Amino acid sequence: MICEGGIVSLGDLLSRLPDIQKTFGRWKQPNFIRFRSEKIKDSDEAILTVRRKQYRMDVDVRKIKQIAGDDCIDLISSDDKELVFQTKKKGKIGGFYADTLIGSAFKLGDIVLVAPYPSRCELNKISQLFSVSYILSMFVRYHPSSWMGLIQQQTDDSVLPSILATINCIEILFPQIVSDFLEE
């Protein structure tokens, strides 16, 4: 996909969809972090707590600072269970906020901080899902033998669970999000 600032790949789009994190994390590092946020009383600053338990891999402080913006947060404390950061007054957190919607019928989705796209392109959830569905449909149309080989597991590919989770995500979320958007 071509944006004003450059090209956004399917991998860039998938790595920023929190709803498919379990399958995507098997073969590539996601570009978002889950956190708990607490506002500091009488201040514009906040405390961001990232739990290590929510990740299968070790949480990398550099990765968190890269997503949030290195000049925007400071590491306050670190232990086996969690990392605690404090936002700085002058910096604006980079990236954007998203929530997970699948499986959250009776609760709010988890809030996550998603890394900005490499081309500084900004896409909302509708644009992300539309772009992913368009790219996958072009793959099906122009490379049907590769698609059938992937889906029927004729080729051993670690991306298959992510693709299936993405299709499921699009099938569930896209109509719901578009309907909510049109009602506003």
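Computed values, structure above
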| quantity | calculated |
| --- | --- |
| Residue within region 148-158 that is part of a helix (DSSP H, G or I), modelled with pLDDT of 80 or more, in the same structural domain as residue 14 (by TED's automatic domain parsing) and not polar (S, T, N, Q) present | yes |
| Residue 173 assigned to a helix (DSSP H, G or I) and in contact with an Asp or Glu (Cβ under 8 Å, 6 or more places away or on another chain) | yes |
| Qualifying residues in region 45-76 (those that are modelled with pLDDT of 70 or more and among the charged types (D, E, K, R)) - the one surrounded by the fewest Cβ atoms within 10 Å (Cβ to Cβ) | 62 |
| Single unsatisfied condition, residue 121 versus (1) surrounded by 14 or more Cβ atoms within 10 Å (Cβ to Cβ); (2) in a helix (DSSP H, G or I); (3) not aliphatic (A, V, I, L, M) | (2) |
| Residue that is surrounded by the most Cβ atoms within 10 Å (Cβ to Cβ) [pool: residues in region 77-98 that are of a type outside the set (A, V, I, L, M) and either at pLDDT below 70 or on the phi > 0 side of the Ramachandran plot (or both)] | 95 |
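Table: residues versus (1) at pLDDT 80 or above; (2) outside any loop (DSSP other than H, G, I, E, B); (3) in the same structural domain as residue 18 (by TED's automatic domain parsing); (4) surrounded by fewer than 10 Cβ atoms within 10 Å (Cβ to Cβ).
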position: 103; (1), (2), (3), (4): no, no, no, no
position: 106; (1), (2), (3), (4): no, no, no, yes
position: 135; (1), (2), (3), (4): yes, yes, yes, no
position: 140; (1), (2), (3), (4): yes, yes, yes, no
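The values are calculated or read from the model by the stated rules, or taken from the named source; none is laboratory data. Everything quoted here is computed from the prediction, not taken from an experiment. Every residue, glycine among them, receives a Cβ derived from its backbone with ideal geometry; neighbour counts consider all protein chains shown.
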